Each structure stands twice: as structure tokens, then as C-alpha cells.
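All of the numbers you see were taken from the coordinates with simple rules; none came from a lab. Since this is a predicted model, take the numbers as computed values, not measurements. Cβ placement follows ideal geometry from the backbone for every residue including glycine, while neighbour counts extend to all protein chains displayed.
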Amino acid sequence: GAGVSQSPRYKVAKRGQDVALRCDPISGHVSLFWYQQALGQGPEFLTYFQNEAQLDKSGLPSDRFFAERPEGSVSTLKIQRTQQEDSAVYLCASSSPGPPYEQYFGPGTRLTVT
Amino acid sequence: AQSVTQLDSQVPVFEEAPVELRCNYSSSVSVYLFWYVQYPNQGLQLLLKYLSGSTLVKGINGFEAEFNKSQTSFHLRKPSVHISDTAEYFCAVSDGRSGANNLFFGTGTRLTVIP
């Protein structure tokens with residue numbers, strides 16, 4: 001594929017609603033990462049997949065956050081019962097195994113919780 | 001764990017002047033180092049990376065950075081900036097002991113090029 005794509009680009013949710021954010025990585029990239037970028041901050045790691053296996057979810061801020069990648073390609077980040085502090089840009093990145101370990105980022109999904 | 005400090009949150013510079021964006025990291029293990037650029041409403045684009053070898057790394061758009069292990073720094077430089085370089089710049093580090101690893105980012109430096 002041309003690059004990492006994410007949808008939707010913008011999402012407005014009322015507090016308490018559930019949201020699902022989608023990431024389509026570059027074809028053939030086995031590693032997939034989710035980051036959260038609050039306004040004026042650098043991205044912060046949420047979770048990491050290698051193929052379909054979620055190898056690290058240490059960055060997920062609460063049990064309301066859940067990510068999956070059932071077939072080792074497309075990934076979905078789900079946030080249940082959204083709160084205002086969840087408002088941020090959610091970035092997805094993918095990379096191929098081995099050097100140079102470069103992560104390619106998608107454009108992000110801007111989530112606003114009202 | 002790794003961490004990154006970008007001391008300058010904003011750097012204004014006149015067009016065609018040189019610029020240096022500072023980055024310091026802390027880590028108890030070997031690291032990989034990266035600089036990314038983010039234009040408004042876009043994702044992150046890799047400018048350059050240091051994995052091993054020569055400590056002077058050249059990247060896209062005329063940028064370069066130098067890895068200094070003793071000072072734990074990875075400052076980004078460009079000898080002559082253009083208006084189009086106005087953007088947010090992020091320094092990032094990852095664990096260099098193994099393969100694909102999550103990145104730890106600094107808080108970013110907003111570069112504004114003044115005509």
C-alpha cells in the first residue's frame with residue numbers, strides 16, 4: 001500500500017460513548033504501534049502488535065482502552081465510555097521486521113470528547 | 001526506561017539562517033535515535049535516524065544530526081532554513097538492544113521560519 005491510513009480522521013464523541021479507530025498498515029509490515037498525542041505534547045506509546053499478537057500493552061491508560069489486530073493486518077483501537085481526558089490525536093505506525101526499524105506513521109485520528 | 005528532553009519548545013529563526021534543535025536523552029542501555037517532523041494536521045515523517053556507525057547522520061531536506069554518547073545528545077541542525085521548514089520537530093529514542101520497539105518522544109520543538 002501507499003502508506004499507513006487511519007479512519008476516521010476526525011471523531012467527535014459525547015462523554016460515555018464508545019469509539020473505534022481503525023488503522024491500515026503498510027502491506028507486509030508485521031509490527032504495528034498505537035500512540036496517543038495530547039495537544040502540545042509528543043506522542044506517547046499505547047500498545048504494540050507483532051502480526052496478530054499484542055506483545056506490549058503497557059501504555060494503555062485504563063481498561064477502557066482495548067486494541068486488536070485479529071488477522072495481523074488491520075488494527076482497531078477501541079475506547080469504551082469515553083472521557084474528556086481521552087481527547088487527543090491517536091497515531092498508528094507500522095514497521096517491517098529488522099533494521100532499520102523505521103516506523104511509518106499514519107495521519108492520525110483526532111478524537112474530541114464533549 | 002528511556003526518556004527524551006527537548007529543551008526548546010519554540011525556536012524562531014530567520015529564513016536562510018542556520019538552526020539547531022536540541023535533544024538530550026537518558027537511557028541505561030544502547031539506543032536508537034530518531035528525528036521526526038510533523039506538519040499541521042499530518043502524521044509524523046522521519047527526518048533521520050541513528051542506529052550505529054558514523055555519529056554524523058544526514059537526513060532529508062538538508063537536515064543532519066550528531067550523536068554524542070558522552071553528552072547523551074542528538075541535536076538536529078540545518079545550515080540554511082526555508083519557510084517550508086516551519087513545523088513541529090520531535091526527537092525520539094528506542095531500545096537499541098533488540099528489534100522493533102516503541103518510541104519514546106520528547107515534547108517537541110516548534111520551528112518557525114521568519115521571512
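Per-structure values
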| read-out | value |
| --- | --- |
| 37 °C / 0.692 mPa s Stokes-Einstein diffusion coefficient of chain B, Kirkwood radius on C-alpha pairs, µm²/s | 231 µm²/s |
| Pairs of alpha carbons in region B:20-68 whose separation is greater than 18 Å (percent) | 34 percent |
| Point-charge dipole on Cβ atoms (K/R +1, D/E -1) for region A:5-98, about Cα centre, debye to 20 | 360 debye |
| For residue A:12, residues with placed amide H under 5 Å, excluding near neighbours | A:112 |
| Listed residues A:42, A:98, A:16, most fluctuating in chain A (Gaussian network, C-alpha, under 10 Å) | A:98 |
| Coordinate range along principal axes, alpha carbons of region A:43-89, Å, largest first | 31, 19, 17 |
| Unit charges at the beta carbon, dipole of the protein assembly as shown: most positive-side option, B:79, A:83, B:67 | A:83 |
| Which of B:96, B:25, B:38, positive extreme of dipole for chain B (C-beta unit charges) | B:96 |
| Number of partner chain Cβ atoms within 10 Å, mean per residue of A:34-42 | 4 |
| Charge dipole (the protein assembly as shown, unit charges on Cβ, about Cα centre) - positive-most of A:53, B:2, B:52 | A:53 |
| Projected label distance in nm at residue B:112 and residue B:42, using a 7 Å step from Cα toward the beta-carbon | 2.0 nm |
| Rg to Rh, two decimals, where chain A supplies the alpha carbon set and Rh follows Kirkwood | 0.95 |
| Ordering of B:60-72, A:25-37 by burial proxy (mean other Cβ atoms within 10 Å per residue, highest first) | A:25-37, B:60-72 |
| The protein assembly as shown - convex hull of alpha carbons, volume per residue in Å³ | 121 Å³ |
| Cα centroid separation - region B:1-79 against region A:44-108, whole Å | 24 Å |
| Close Lys-Lys pairs in the protein assembly as shown, where close means Cα under 20 Å and separation is 8 or more or interchain | 8 |
